[in-house]
Each structure stands twice: as C-alpha cells, then as structure tokens.
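So the structure is just underneath, and the comments pick up after that.
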Amino acid sequence: MTVPEFQKRKREGKKLIVVTAYDALFARIVEEAGIDVILVGDSLGVVVLGSAAAAYALGLSTLGWALGLLVAGLALLAAATGLCAGCEVYRLGARVRGIRSHKLEHVEPADVGLSPAGEAVVQFTHPLCSACRELESRFRAEGRRVVTVDVSKRPELARKYGVALVPTAVAVSPSGTVLARLAG
C-alpha cells in the first residue's frame, strides 16, 4: 500500500489493519495473512520511533501514540504472561484466510511423512511460535516420536486439517487415526 492509498482510505473512513513486525520473517508472515499495513523494524525502539514518525508524517498523531502504546503494552504482556506472538499472528492469519478449526479424526500418513513404526505425535507448528518449540521438546523428552508440520510452509495441510491455532498436536496410529488431541 502506498502513502497516497493510505491517505485516501483514511479520508474515506475505511478501516485499516496495521501490525508491527519486528523482523523480516515476521513481516513476511504478516504479509501472507493479508494485513493492510506492516510496520517493520529491527528493534523495539526503531519500530516504535519509526511507526510514530510515519504516523506523524501522515498527520496521524493519535495513531502514532496508539502504536507506541500498543507495542509497549504487547511487550509488557508477553513478558508478564508468556503470550506467544507467533501463535497470535498465525491465528489471525488463519482467520483472515478462512481456516476454521474442526474435529481432527484422521491424518493421511503420506501428507506428513508418517512411517508405520508405531504411534507418533503429529505437531502443527509455526517458526515464530515459542510454545511450539517448547511443546516439541517436551514430547521428545517423554520419548515420543514427533513429526512436525510447519504451517507456514504447508498451508494447504493447515486448511485440510482445520489447524486454526498453533501449536496443535495429535497422537496418531500408524494408519493415521487420531488417538488423542494433545494440544490446540
């Protein structure tokens, strides 16, 4: 979106979805989610100052204040509660793309590279999801065989299996029958 397009939408009173991205990977994921405006920076200070400066340059001083407070509030929330930005970005993107959660009863072994070597955990993950990495580590520490599916690289599987939230993990038999939902 160009600055003139941004200004035109503001004049017309059309709402915009604006998300701050902390790095290029996060920005790519947000872009794939169909977000209107992505504010990108390599550190919190640059993001806050850059977004506020951009807002002021466009005559949107209230937006500049709001963005600064939003980023500061999200950082505080993440520090205090362990909120996973990767999980939330994926959830937002899934909603924008129309992915709806549904009961997962069967996973095609060929879809996820599941071998017939006994029960396994199929975990749908996202590269920015810290909770995904923690859950996978826990499963492996328990001695479980884990097959991961990166939903950013395999969005067609997220849609097929109704994965609207990460981490999602299911215990599956060698034939792909879901034995239990473990997360998500």
**Request:** From the list Leu165, Leu114, pick out the single residue that is among the aliphatic types (A, V, I, L, M) and farther than 21 Å from Tyr90 by Cβ.
**Result:** Leu114
**Prompt:** Do the conditions hold for Cys87, that is, is it part of a helix (DSSP H, G or I), without any contact (Cβ under 8 Å) to a residue 60 or more places away in the chain and hydrophobic (A, V, I, L, M, F, W, C)?
**Reply:** no
**Item:** Residues that are within 16 Å of Ala110 (Cα to Cα) and under 17 Å from the mean Cα position of the chain (by Cα), drawn from segment 160-170
**Value:** Tyr161
**Request:** Scan segment 115-143 for residues that are of a type outside the set (Gly, Ala, Ser) and over 25 Å from the mean Cα position of the chain (by Cα) and jot them down.
**Result:** Pro116, Glu119, Glu142
**Message:** Suppose the filter is at pLDDT below 70 and hydrophobic (A, V, I, L, M, F, W, C); does Leu76 pass it?
**Reply:** yes
**Request:** Those residues that are surrounded by 13 or more Cβ atoms within 10 Å (Cβ to Cβ) and part of a helix (DSSP H, G or I), I need them from segment 1-19; list them, please.
**Result:** Phe6, Gln7, Arg9, Lys10
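The values are calculated or read from the model by the stated rules, or taken from the named source; none is laboratory data. Computed from a prediction, not measured in an experiment: that's the story for all the values here. Positions of Cβ are backbone-derived with ideal geometry, glycine not excepted, and every protein chain shown enters the neighbour counts.
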